[in-house]
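Take a look at the structure below.
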Amino acid sequence: MQRHFLLLFLLLLAPVSILSALLSGSTDLSLAQLLHGSESQQEILWQLRAPRAASAFACGALLALSGVLLQVLLRNPLADPYLLGISGGAATGALGAMLLGLAAAVKLSALGGALLALLLVPALSFRRHAWSIHHLLLTGIALSAGFGALISLLLSIAPSAGIHGMLYWLMGDLSYAQSPGLTWAALLAAGIASGLLARHLDVLAIGELKAKSLGVAVLPVQAAIYLIAAVATTAAVLEAGSIGFVGLVIPHLLRLMGMDSHRWLVPGAILLGGSFLTLADTLARTLVAPQQLPVGVLTALTGVPLLLFLLSRKR
Amino acid sequence: MLQAQNLHLTVPGKVLCQDLTLTLDAGQCWAILGKNGSGKTTLIQALCGLAKPAAGQILLDGKALAGIPRRQLAQHIGVLLQEESTAFSGPVLDYVLLGRFPHAGSWRPDDSDLEAALQALEQTGMVQAQAQSFATLSGGERQRVRIAQLLAQEPGILFLDEPLQHLDLPHQLAMMKLLREIAIGQRKTVIMVLHDIFWASHFCSHTLLIHDDGKILSGESTRMFSVDNMETLYQCDFQEIKTSDGNYFLPTLE
């Protein structure tokens, strides 16, 4: 019963978070102005705030969903979307393009880096016709460390004028997120695919061998989970950089509140992840306006105390 | 009916069994006995299709196990593993419902799933804990919930790798009675790895002895239990104690 109320609450939270993102900012708008505002107000609303809010929601949802999937795949509660090197690859690509002054190619280059990691990690961990999850995890961590070194290298040789943009990209930032269409398409696909796999995820979570004995085709399901998580992470990172903590904290928050089975956890993560990042981004825009904070800093600053509070309450 | 034909099982550096031919029929309750590392678990995992044998084949009602899709196989064969995950944070009932996966028609469990899960919990005496968190249970209670999950799966052939671990004596007795009733009374096939000769000799209709050198002796329990057989199997001295409840085989204290 508690789960029904929680899902209902999350269903209400989502439109509230988007509404608050639309209304607040450098010029606060009222509900009436949302519908019948002046031309300039309408422009602010539909050209600036709406796409950004839409992007924020989709990115948060994708990251939380990816976290849910990877925590099952890697059978590790600490798994998050960035563990498998995708964000590292994307960041290396993006920073490389920035360093070369190819502003127009930043996204394309980031996509290239993400795809490289996405393909390299499973290829390197596949041995003798068997896919070892343990190897996958270690390969991802090793590759992430490699990308981390490359990122440091790029930062150290970058001219100081370019450092600011690079750091914002690394911390996660939605100010350049103006094309929510693709991100939403990725969310729709990943959300539906994960929903269809919900029962498989439940069974796989209690162990590979047990899942096999219960009739799960383990290897194809694991490959599907990896692919969905990789697409979700790539889509989010391309739109908003490496926003940390959403993918780790949101699944745990939901589990701590009693949403254990994946037919609750998947929709719950999409709704809460989306709302959480939308609210965090609204704060990032308004807290020290007209200055903007990188939203990745805020997700951590608000998510950490929330998670710690819930952990301390659990028996 | 499950048949093993000319089964060879090996682990790196050791042959566990050679040329094993065996028929497991409905209405039989099997015990598998052997020393640590003799290959009991490997044998079970091969028979239920979780591990590939080095040679030979296994037939389920005449069809090769390797050719049956996983999900279909899981409707016929279920297994309690020796070590199962403790990482499950939800309630007991949800854990048992996972056993319904092979029969799942929709994206959520339906009434027939719920009924099977509750009945299974009833059988293992855990129904009152259905809403409790699985993680808060004791070791023995968890084992009974795991067995309930296997029962909810409703397979015709049940493999159990050390089903009695963590159970106290009264619960061991109740579990042996339940498993025997499922085999003999409900005409299913139960195969379990046991370490207790007394339970095996009193509740199992058939027994399979795996020796360290790969030799396997199998047949009706009445023919399997003797001081000689136990001494060869466990490689230590045994004594037989006769009581009105039947005979006990115990190692001789030196």
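So if I check each of A:Gly113, A:Gly88, A:Gly60, which one is free of Cβ contacts under 8 Å to residues at least 60 places away in the same chain, within 26 Å of A:Thr299 (Cα to Cα) and within 18 Å of the chain's Cα centre (by Cα)?
A:Gly113
Sort through A:Gly258, A:Gly268, A:Gly296 and tell me the only one that's in a helix (DSSP H, G or I), touching a residue at least 60 places away in the same chain (Cβ under 8 Å) and within 30 Å of A:Val203 (Cβ to Cβ).
A:Gly268
If a residue counts only when it is surrounded by fewer than 18 Cβ atoms within 10 Å (Cβ to Cβ) and among the hydrophobic types (A, V, I, L, M, F, W, C), which helices (runs of 4 or more DSSP H) contained entirely in segment A:1-87 have at least 1 such residues?
The helices (runs of 4 or more DSSP H) meeting that bar are A:2-23, A:31-36, A:50-73.
Taking the condition within 16 Å of A:Ala103 (Cβ to Cβ) and in a helix (DSSP H, G or I), does A:Gly148 pass?
Criteria not met by A:Gly148.
Report yes if A:Val231 is free of Cβ contacts under 8 Å to residues at least 60 places away in the same chain, crowded, with 23+ Cβ neighbours inside 10 Å and touching a Leu at 6+ places or on another chain (Cβ under 9 Å), otherwise no.
Here the answer is no, as A:Val231 does not meet what is asked.
Filter segment A:208-217 down to residues that are in a helix (DSSP H, G or I) and either within 7 Å of chain B (Cβ to nearest Cβ) or surrounded by fewer than 22 Cβ atoms within 10 Å (Cβ to Cβ) (or both), then give me how many there are.
Residues of segment A:208-217 in a helix (DSSP H, G or I): A:208-213.
Subset that is either within 7 Å of chain B (Cβ to nearest Cβ) or surrounded by fewer than 22 Cβ atoms within 10 Å (Cβ to Cβ) (or both): A:208-210, A:212-213.
Matching residues across segment A:208-217 total 5.
Just give me the residues in segment B:202-224 being part of a strand (DSSP E or B) and surrounded by 18 or more Cβ atoms within 10 Å (Cβ to Cβ), in sequence order.
Within segment B:202-224, B:His206, B:Thr207, B:Leu208, B:Leu209, B:Ile210, B:Ile216, B:Ser218 meet the criteria.
Could you list, in sequence order, all residues of segment A:185-207 that are buried (at least 19 other Cβ atoms within 10 Å of the Cβ) and more than 7 Å from every other protein chain (Cβ to nearest Cβ)?
A:Ala186, A:Leu187, A:Ala190, A:Gly191, A:Ser194, A:Leu197, A:His200, A:Leu201, A:Leu204, A:Ala205
Are any residues in segment A:169-183 surrounded by 18 or more Cβ atoms within 10 Å (Cβ to Cβ) and either within 14 Å of chain B (Cβ to nearest Cβ) or among the aromatic types (Phe, Trp, Tyr) (or both), and if so, which ones? First the steps, then the outcome.
Initially, segment A:169-183 is screened for residues surrounded by 18 or more Cβ atoms within 10 Å (Cβ to Cβ), giving A:169-174, A:177, A:180, A:183.
Hit for segment A:169-183 is A:Trp169, nothing else.
Which condition number in (1) modelled with pLDDT under 95; (2) over 18 Å from A:Leu209 (Cβ atoms); (3) more than 13 Å from chain A (Cβ to nearest Cβ) is the one that B:Gly39 fails?
Of the numbered conditions (1) modelled with pLDDT under 95; (2) over 18 Å from A:Leu209 (Cβ atoms); (3) more than 13 Å from chain A (Cβ to nearest Cβ), the odd one out for B:Gly39 is (2).
Assuming A:Phe309 fulfils every condition listed in (1) more than 14 Å from every other protein chain (Cβ to nearest Cβ); (2) aromatic (Phe, Trp, Tyr); (3) in contact with a helix residue (DSSP H, G or I) (Cβ under 6 Å, 6 or more places away or on another chain) apart from one, which condition is it?
(3)
Which condition from (1) in contact (Cβ under 8 Å) with a residue 40 or more places away in the chain; (2) under 26 Å from B:Arg71 (Cα atoms) is the one that B:Arg144 breaks?
(1)
The values are calculated or read from the model by the stated rules, or taken from the named source; none is laboratory data. Bear in mind the structure is a predicted one, so any value in this text is a computation, not a measurement. We place every Cβ from the backbone using ideal geometry, glycine too, and count neighbours over all the protein chains shown.
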